[in-house]
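Below is one structure, written out as structure tokens; the observations come after it.
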Amino acid sequence: MSQTATQVRPGGGGTPARTRRPPAREGRWLAWLFLAPAGVVLLALVLWPIVYSVWRSLFDRSGRAFIGLGNYQRIFTDADTFTALKNNLIWVLVAPALVTVLGLIFAVLTERVRWGTAFKLIVFMPMAISFLAAGIIFRVVYDQDPDRGVANAVVTGVHDVFSSSAQYPGARPRDADALPPAAAGGYATADTVEPGSTVPLPLVGVEGDALPEDPSAAQAAGEPAADAITGTVWFDFARGGGGAPGEIDDNESALPGVVVQALRDGEVVAEATTDDQGLFVLEGLDPGGYQLALPAGNFAQPFRGVSWLGPDLVTPAIIVAYVWMWAGFAMVLIGAGLAAIPRDALEAARIDGANEWQVFRLITVPLLAPVLTVVLVTMIINVLKIFDLVYIIAPGSSAQAANVIAVQMWSVSFGGAQDFGLGSALGVFLFLLVLPAMLFNIRRFRQEQQ
Amino acid sequence: MSVATGGGAATVPETVETQRPPKRVTGPLGGWGSRITAFLNRGLVSVVLTLIAVFWLLPTLGLFFSSLRSAQDNTASGWWNALTAPAQLTLDNYQNLLSNEGMVNAFFNTVWITVPATVLVVVLASLAAYAFAWMDFPGRDWLFIVVVGLLVVPVQVALIPVAGLFGDLGIYGTRLSVILFHVAFGLPFAVFLLRNFFAGVPKELLEAARMDGAGEWRIFRSVIMPLGLPAIASLGIFQFLWVWNDMLIALVFADSSAAPLTVALQSQARQFGSNIDVLATGAFLSLVVPLVVFFSFQRYFEQGVLAGSVK
């Protein structure tokens, strides 16, 4: 858990509660009686363990040999632990800032629409669910297969809009002598072709699922203009058998979306894409001999989306899931701060001619600074201890790359290695990392009491 | 209820209640031109917020629809196909899950860990908070600063020693061990939250009770507890959600017969893909309770967040 001891009241203050406390009337022992149950639990399960962990971290795995700061040295030298440190640094630098900025934007924007409350509810909701459930949710989102994972479905969808050519991996010409492989990849005609002619380009080896859902029958090209070369690209394979090789038979499918180029001396001078009937027309050609080419792009494996949970992107991908969970928290805290800002100050600035951006930057944000600090500190503490999300989302193959201190602490102590020396050192190390936040909390609390 | 008279530390619910209704933003001159700009601005803001809302909802919807489709359908195609082919939707996964003894057992473990851990924290913290707020004893202010300091202690620094201690006591692996650890790490926040709220109770009420001859215990029970109910509700919801949603602590302390839903599901998640029907259904089952709590007590939840802390 991550907690920040403070009230969110920009410009707030007030009298300290303790000035109103009555003098003790009954024996002091009664106060201790009220405190005792909580005190015993805190002493036994929080305070003493901190001390013991510090002590235990100075011993080796078995707990018999004193090795001083050896375990702490291992934190910085061991490759796994060092990756964890690096990732924690990325987390701390990126996630809290992202959460705070998004929370600020959401809080400001929701004030301007009538359904702001509904929006707040939607964004706040993920905070109520567990890291585990959020982790499983995002495993589904990040599924590598674009047919299953919504992230890759969107990415491949956008990609396909911008590159409309269809792809037929594994397809090859029917007649390898007439259409041999080209030096630049793909295939090019062995002979040159004059404008005004018609060139059939039969392909075989097309995978079933590369064809369109309901493929049109291939059509023979009509007579071209004098400055054009036309032809058909089709799947020269008659379903159910029959059909002559190299001939367009009745039940053979057209291959739409294939890019056909006219080359002159190796330079592309015209390019066309086949239509639904497999027809292409290369126009505006000067008289002379041209090679027709089917560039390699036609035969490339289709774009299958981004490997979100691969070693390179796994940490940013998990950070997105984290932001999804916590932006609502920032939004609610900042929204409350925003509501406490005197409207008069904003109106006055507007009347003085300040535009919305200036009002936001010069008045809103400075007045919100205390709240923003609280959100940022809370998020930093929270992120330092991040465990479940990384543990659940990172698949085995990327677990190493996504490692963080809390996960490493669990793995070395309870995940098999049983190295309580290093585990204690990692626990103490985490404790030291949140120490500044603890001091921040205490200082802030004492200020509020005065 | 109003506790606005309290000090800065006693205004937990006030912050929310004084929230003003959003004010419309109009241009400085208020003429037609600026009204149109304002309208367009609002339109643009609406579009942006709608997109964000969709982005925020999609992941959860995905899990929900996945949980309603058969394993074969989920392997063959994305959950969104169920939107156009509602025939795919089935409750089979839920039926299978409910007949899965391990999962049902895990669900009840979650309940039997969460409820006692929540009740215990509320009771222990209320007692301590009352002492901090209204009783006099030496070192009170220093002790409370220790409590404030403990707010941010990471559980990692206590896992190993407490595991050893529980082993010595012979309770390692049981639900009790999980409950105790949750109580310990829930207490600092609970004491902090309640003490601040209790301190805001009007002094006159306590004085009057003392005049009537009520002792500390009676004041605690019949004045402070009823008046502190909103804060206790906030705390209860937080503690409930924190324990319900926890995985790490149960992963360390619970053996397989005491393991809650989160731990049972994480072992399934190790072979993600082949068992999406179990995983999605179980995850949805595990998040439905927090969501119900969230929507029923949303006000208290928000107040808890505003009281300055979240787990």
What FRET efficiency do you get for A:GLU267 and A:ALA300 if R0 is 25 Å and r is their Cβ-Cβ distance, rounded to the nearest 0.05? 0.70
Within the protein assembly as shown, count lysine pairs with alpha carbon atoms under 21 angstrom apart where the residues are 8 or more positions apart or belong to different chains. 4
Sticking with the crude label model, points 7 Å out along Cα→Cβ, report the distance from A:ARG361 to B:LEU83 in nm, one decimal please. 3.8
Under a crude label model (7 Å from the Cα following the beta-carbon direction), how far is B:SER256 from B:LEU61 in nanometres? 3.9
Crossing angle, helix A:131-141 versus chain A [Cα axis fit, 0-90 degrees, rounded to tens]: 10
With Kirkwood's inverse mean 1/r over C-alpha pairs for Rh, give me the Rg to Rh ratio of the protein assembly as shown, two decimals please. 1.10
The Cα radius of gyration of chain A, divided by 2.2 N^0.38 Å with N its residue count, comes to 1.51
Per residue of B:243-250, how many C-beta atoms from partner chains lie within 10 Å of its own C-beta, taken as a mean? 5
Expressed as a whole number, the average count of other chain Cβ atoms within 10 Å around the Cβ atoms of A:295-308 is 0
With every protein chain in place, chain B: carbon and sulfur % of accessible area (1.4 Å): 66
Which whole DSSP H helices in chain B pass both tests: a Cα extent of 27 Å or more along the axis and a mean Kyte-Doolittle value no lower than -0.5? B:32-67, B:101-134, B:175-198, B:276-296
Please give the average number of partner chain Cβ atoms lying within 10 Å of the Cβ of each residue in B:208-220, rounded to a whole number. 1
Using a Förster distance of 51 angstrom, determine the FRET efficiency expected from the C-beta separation of A:ASP312 and B:VAL47, and round it to 0.05. 0.95
Taking θ as phi - 60°, what are the ³J(HN,Hα) couplings along the stretch A:180-190 by the Karplus curve (6.51, -1.76, 1.60), each to the nearest whole Hz, with x for Gly and Pro? x, x, 8, 4, 7, x, x, 9, 9, 5, 6
Roughly how many Å² is the accessible area per residue of the protein assembly as shown, as a whole number, for a 1.4 Å probe? 42
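Could you run the numbers on buried accessible area between B and A, total for both chains, 1.4 angstrom probe, in Å² to the nearest 100?
Summed over both sides, the interface buries about 11100 Å².
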Could you order the peptides A:312-320, A:373-381, A:132-140 from most to least packed, using the average number of other C-beta atoms within 10 Å per residue? A:132-140, A:373-381, A:312-320
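Find the eigenvalues of the gyration tensor of the Cα atoms of the stretch A:172-299, then list the square roots of 5 times those eigenvalues as equivalent ellipsoid semi-axes, largest first, in whole angstrom.
Result for the stretch A:172-299: semi-axes of 23, 16, 13 Å.
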Taking a ≥ b ≥ c as the square roots of the eigenvalues of the Cα gyration tensor, with a/c under 1.5 meaning rounded and otherwise prolate when a/b exceeds b/c and oblate if not, chain B is oblate
List the residues whose amide H sits under 5 Å from the amide H of A:ALA217, counting only those 5 or more places along or on another chain, with H placed 1.01 Å from N in the peptide plane. A:ALA254
Name the long-range amide H neighbours of A:GLY231: under 5 Å, sequence gap of 5 or more, or other chain; modelled H, no Pro or chain starts. A:VAL199, A:PHE280
Mind giving me the nanometre distance, one decimal, between the label points for A:ALA345 and A:ASP227, set 7 Å out from Cα along Cα→Cβ? 7.1
Measure nothing fancy, just the Cα-based angle from helix A:314-339's long axis to the longest principal axis of chain A, in degrees from 0 to 90, nearest 10. 50
Take each of the peptides A:273-286, B:110-123, average the number of other beta-carbon atoms within 10 Å over its residues, and list them starting from the highest. B:110-123, A:273-286
Based on the mean of other Cβ atoms within 10 Å per residue, sort peptides A:390-396, B:186-192 so the most packed one is first. B:186-192, A:390-396
How would the stretch A:242-309 be classified by its alpha-carbon gyration tensor: rounded, prolate or oblate, with rounded meaning a/c under 1.5 and the a/b versus b/c comparison settling the rest? oblate
Of all the accessible heavy-atom surface of the stretch A:172-299, with the other protein chains kept in place and a 1.4 Å probe, what percent is carbon and sulfur? 46
Got a sec to turn the phi values of the stretch A:373-385 into Karplus ³J(HN,Hα) couplings, 6.51 cos²θ - 1.76 cosθ + 1.60 with θ = phi - 60°, whole Hz, x for Gly and Pro? 4, 4, 4, 4, 5, 4, 5, 5, 4, 4, 5, 4, 9
FRET efficiency, 1/(1 + (r/R0)^6) with R0 60 Å, evaluated for A:ASP352 and B:VAL111 via beta carbons: 0.55
Taking a ≥ b ≥ c as the square roots of the eigenvalues of the Cα gyration tensor, with a/c under 1.5 meaning rounded and otherwise prolate when a/b exceeds b/c and oblate if not, the stretch A:268-341 is prolate
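The values are calculated or read from the model by the stated rules, or taken from the named source; none is laboratory data. Computed from a prediction, not measured in an experiment: that's the story for all the values here. So basically every Cβ, Gly included, is an ideal-geometry build from the backbone, and we count neighbours across all protein chains shown. Just so you know, the surface numbers come from the protein's heavy atoms only, side chains and all, with ligands and any DNA or RNA stripped out. Shrake-Rupley method; radii C 1.70, N 1.55, O 1.52, S 1.80 Å.
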